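A short worksheet on the structure shown next.
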Amino acid sequence: MITAKWIAAAPYLQSVLRIVAAFIFFFGAMMKIFAFPMAIIPGGGTVPLMSQGGIGSVMELVGGALLVIGLFTRPVAFILSGMMAVAYWQFHAPQSFYPQVNMGIPAILYCFIWLYFSAAGAGPWSLDAKRNK
């Protein structure tokens, strides 16, 4: 009985995972672009928008916002998954083989979370689900 209810909750938990992960992802971009709620660049600066980090941050901001609301989830998640794979291999992996040492755990997790959503979709609590009705 409890198992059936838990299994029935899976699509809604899919939506919860998408919303929470995207919200955290979005605010990571806010910190890089707007130094809000705090700056992560030394000296309180922001990332230059016309740099690789700036373009990636804009993609995180726009893509994160779209994923929070669940709009165009599959293509956006696919693009962000690839972006996070590049981020890991270009910036983290050269520092060390071990993700715990190279600080690449978030990049790896986001890569595979977004890859999952590119295949599974946004779940029932999304604008994608509303558009498909």
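Looking at Leu71, Leu109, Leu13, Leu17 in this structure, which one is surrounded by fewer than 16 Cβ atoms within 10 Å (Cβ to Cβ) and not in a helix (DSSP H, G or I)?
Leu71
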Residue that is farthest from the chain's Cα centre (by Cα), among those in the stretch 41-60 that are in contact (Cβ under 8 Å) with a residue 12 or more places away in the chain and closer than 21 Å to Cys111 by Cβ: Val47
Only one of Gly123, Gly104, Gly70, Gly64 is more than 13 Å from Ala21 (Cβ to Cβ) and of a type outside the set (D, E, K, R). Can you tell me which? Gly104
Do we have any residue at all in the stretch 70-86 that's over 14 Å from the mean Cα position of the chain (by Cα) and farther than 30 Å from Lys130 by Cβ? no
Taking the stretch 20-57 as the search range and keeping residues that are in a helix (DSSP H, G or I) and aromatic (Phe, Trp, Tyr), which one is nearest to Val68 (Cα to Cα)? Phe23
Among the listed residues Pro124, Pro94, which satisfies the condition of being modelled with pLDDT of 95 or more, touching a Ser or Thr at 6+ places or on another chain (Cβ under 7 Å) and surrounded by fewer than 17 Cβ atoms within 10 Å (Cβ to Cβ)? Pro124
Somewhere in the stretch 72-82, is a residue within 24 Å of Trp125 (Cβ to Cβ), in contact (Cβ under 8 Å) with a residue 12 or more places away in the chain, in contact with an Asp or Glu (Cβ under 6 Å, 6 or more places away or on another chain) and of a type outside the set (Asp, Glu)? yes
Val86 being assigned to a loop (DSSP other than H, G, I, E, B), farther than 22 Å from Leu17 by Cα and out of contact with any strand residue (DSSP E or B) (no Cβ under 9 Å at 6 or more places or on another chain): no
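The values are calculated or read from the model by the stated rules, or taken from the named source; none is laboratory data. Computed from a prediction, not measured in an experiment: that's the story for all the values here. Cβ: placed from backbone, ideal geometry, glycine included. Neighbour counts: every protein chain shown.
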